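The values are calculated or read from the model by the stated rules, or taken from the named source; none is laboratory data. The structure displayed is predicted, hence computed values, not measured ones. Cβ sites come from the backbone with ideal geometry, for glycine too, and all protein chains shown count toward neighbours.
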Amino acid sequence: MTINNLAKKLKINFNDQITCKDFNAIASYCLKKTEKQLKSNWDYNLTRREVKKINKFWKQYLLNKPLAYIRGSTFFNNCEIKVNKNVLIPRNETELMVQRAIGFAKSQDLKKTLKFGDICSGSGAVGVSFLTEVDNCEVFATDICRKALKVAKINYNKFPKTSYQILGGNFLQPLINRDLKLNILAINPPYIKFGDKNIGESTYQFEPHKALFAKSNGLYFYYEFFENWEKVIDLENDFFVILEFGFDQKNAIEKLAMLHLRNYKFSFEKDYSDNWRFLVIQ
Ligand SMILES: C[S@@+](CC[C@H](N)C(=O)[O-])C[C@H]1O[C@@H](n2cnc3c(N)ncnc32)[C@H](O)[C@@H]1O
């Protein structure tokens, strides 16, 4: 059977570009080919085993399982990042957070080793894509979830061991415990309030709730942040702190920032969809 015939058998709507693209992505994953290679080769004759494999993954896709979990990887800032059910699938808007951090790093004295913190690291996408672009740096990735840190370890494995540390523990505590003072801090904490109706069905069903939801109406980690961030930053030198928050949380974060950041310059930035998304302290 060719891929084309299998697609017809699975009743794939050839007029629906997204479905065709996703089917192509699943088939290419099963056949260990690139999506581009396969796109022009739907006449390829599948073995029985290959048909069985594509069928299995297509069924999961129809049950709403995200493509990234089916394939076991996704792309973030041009880096391939391994993912599984224990980590959040890194989002597009978070790429911007890393790009801003990279911009700051490149504006600094290149002879100095910069210390970068990826707090609530999950898969490690933030720190890994930073490390890919910035040579002279040491990354500290922290997360409370051991299973998430296992995934981060796989993603960091391509770098020299001296360029990163993966630390387990609660929020900023692993840095505080080691008296680490960083130059750059990037944080994407869980920030959705329990019971929020805006969350997609597939996200709710498949992504780890520990990565999504936070107490205190989703603001728990921001309270913790404002209490403790100065303890983990090298305040004697230029620094850059960037914190992601939910599309409807700017007012709440701004109130906290006005209260806690009287002696610092801070600003808010939007994401690609024009939503307020980041607090930057410099
Ligand atoms: C929104 S996800 C961000 C993952 C990754 N940085 C990204 O952008 O794709 C939040 C992460 O925070 C972790 N987390 C939840 N509670 C935590 C805590 N108390 N301390 C540290 N990490 C925590 C979760 O395990 C999850 O990996």
*How many of the residues in region 174-201 are over 24 Å from residue 127 (Cβ atoms) and at pLDDT 95 or above?*
2
_Any residue in region 1-25 that is touching a residue at least 12 places away in the same chain (Cβ under 8 Å) sitting within a Cβ distance under 9 Å of a residue that is of a type in the set (Asp, Glu) and outside any helix (DSSP H, G or I)? List the pairs, counting only those 6 or more apart or interchain._
2/43; 3/43; 4/43
_of a type outside the set (A, V, I, L, M, F, W, C) and under 12 Å from residue 240 (Cβ atoms): which single residue out of 117, 124 fits that description?_
117
_Among (1) surrounded by 15 or more Cβ atoms within 10 Å (Cβ to Cβ); (2) touching a residue at least 12 places away in the same chain (Cβ under 8 Å) - the single one residue 64 does not satisfy_ = (1)
*Of all residues in region 168-188 being more than 10 Å from the ligand (Cβ to nearest atom) and in a strand (DSSP E or B), which is nearest to residue 91 (Cα to Cα)?*
185
*asked:* One residue is enough: does region 94-109 have a residue meeting the conditions farther than 19 Å from residue 269 by Cβ and within 13 Å of the ligand (Cβ to nearest atom)?
replied: no
_Which of the strands (runs of 3 or more DSSP E) found entirely inside region 189-282 contain at least 3 residues meeting this: touching a residue at least 60 places away in the same chain (Cβ under 8 Å)?_
240-244, 276-281
*Restricting attention to region 110-137, and to residues there that are part of a helix (DSSP H, G or I) and in contact with a strand residue (DSSP E or B) (Cβ under 7 Å, 6 or more places away or on another chain), which single residue is surrounded by the fewest Cβ atoms within 10 Å (Cβ to Cβ)?*
132
